[in-house]
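The values are calculated or read from the model by the stated rules, or taken from the named source; none is laboratory data. Computed from a prediction, not measured in an experiment: that's the story for all the values here. As a convention, Cβ positions derive from the backbone with ideal geometry for all residues, glycine included, and neighbour counts pool all protein chains shown. Ligands, DNA and RNA are excluded from the accessible area calculation, which covers all protein heavy atoms including side chains. Shrake-Rupley method; radii C 1.70, N 1.55, O 1.52, S 1.80 Å.
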Amino acid sequence: MPLLFVHGAFCGAWIWDAKFLPWFAAQGWEVHAVSLRGHGRSEGQDRLHDFGIADYVDDVLAAVERCSAPPMLIGHSMGGMVVQRTLIRRKLPGAVLMASAPPHGLWESTMGLAWRAPYVFQQMGMLMTFGANCIDPEAVRRAMFSDNMPADEARKYEPYLQEESRRVMLDIGGWIPFPPMPDPSIPVAVLGAEKDLLFPADQIRATARAFRTQPVFFPGMGHTMMLEPGWESVARHIEGWVEATVAGAEQSQAAD
C-alpha cells in the first residue's frame, strides 16, 4: 500500500522529509510526498496567488497516478483539507487527517486564534502576505510547535517557510458554500495535537464528527506533529491504523 503525504500551508514536501518519510520507508512502505504547485521545488511560485484549492487537488490526483497502486493519503493542516477535497473527486483506500483544517473551513479556527493568541494571529497574517522574511520567528514557532520543541531544532525549518496562496485561503475560509463530504465508506482517521494553537481540540472533534469517527489526540504536541518531540508515536499510530484498515478491506473483499 503506497502512502502519499500532503503538506499544509506555508510549507512543502520537505516537512515530511526530515522524519516521517525515512521512518516509513524503513518499515518497508512505499512513500511519496507532493509539493503542491507554488511550494517547495514545484513550479509556479511566481503565480502562487493565482492557485485555488482545486489546483492543489489536481496536484494530489496527479501524484496518485504516479504511485504503484491507489495510495492511502496523509494530509496535514491545510493539506488535510486538500485530502478531503481529493476524496470527493476520487475514491481512494483511506486517509489520515493530521491537525487538519475542518470540513467547514477556517473561519472558527482563525477567529479563535485571534482571541487565543492575537500576536501570533497578526504574524501569521504577515507571513501569508509578505513571506517569512518579514515576521517574528518566535510567533511562528508558537504557531507551529509546542514548548517541548527545542528552539535550535525549530530554527532549522524556518528558512523553508513561504507565503501561501491568498486565493486558497479564501477558498477554504468558510464563508462560501462547501462541496459535499466524501463517500462515507472511505475510512478516515482524525488526529489532533493537544497544544495546537491553530486547530485546537474543538476543531479536531468537529472534523471527526463529520467523518463519523473518534479523534485521537497526542498529549503535549503542537501543530507540526511530524516534527515535534515524540513524533514517532504519531508515525506508529498511523502505521497501525493503515495496517488495520488494509486488513479490514482485504477481509471484506474475501467475504464478498
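Observations
- Exactly one residue among I238, I186 is in contact (Cβ under 8 Å) with a residue 24 or more places away in the chain, farther than 19 Å from S77 by Cβ, β-branched (V, I, T) and in contact with a Leu (Cβ under 9 Å, 6 or more places away or on another chain), and that residue is I186.
- Residue list for the range 1-30, restricted to those being surrounded by 21 or more Cβ atoms within 10 Å (Cβ to Cβ) and either under 16 Å from V83 (Cβ atoms) or touching a Lys or Arg at 6+ places or on another chain (Cβ under 8 Å) (or both): L3, L4, F5, V6, H7, G8, A9, C11, G12, I15, W16, F20
- Residue match in the range 17-27 (condition: in a loop (DSSP other than H, G, I, E, B) and at pLDDT below 95): yes
- Restricting the first member to the range 79-99 and to residues that are more than 23 Å from F217 (Cβ to Cβ), and the second to residues that are open to solvent by 40 Å² or more (accessible area, probe 1.4 Å) and β-branched (V, I, T), no beta-carbon pair is closer than 8 Å while six or more apart or on different chains.
- Some residue of the range 34-51 being open to solvent by 40 Å² or more (accessible area, probe 1.4 Å), of a type in the set (K, R) and in a helix (DSSP H, G or I): yes
- Criterion: under 24 Å from M225 (Cβ atoms), modelled with pLDDT under 95 and not small (G, A, S) - qualifying residue of I74, I53: I53
- In the set (1) farther than 18 Å from L97 by Cα; (2) surrounded by fewer than 16 Cβ atoms within 10 Å (Cβ to Cβ); (3) at pLDDT 95 or above, L61 fails one condition alone, (1).
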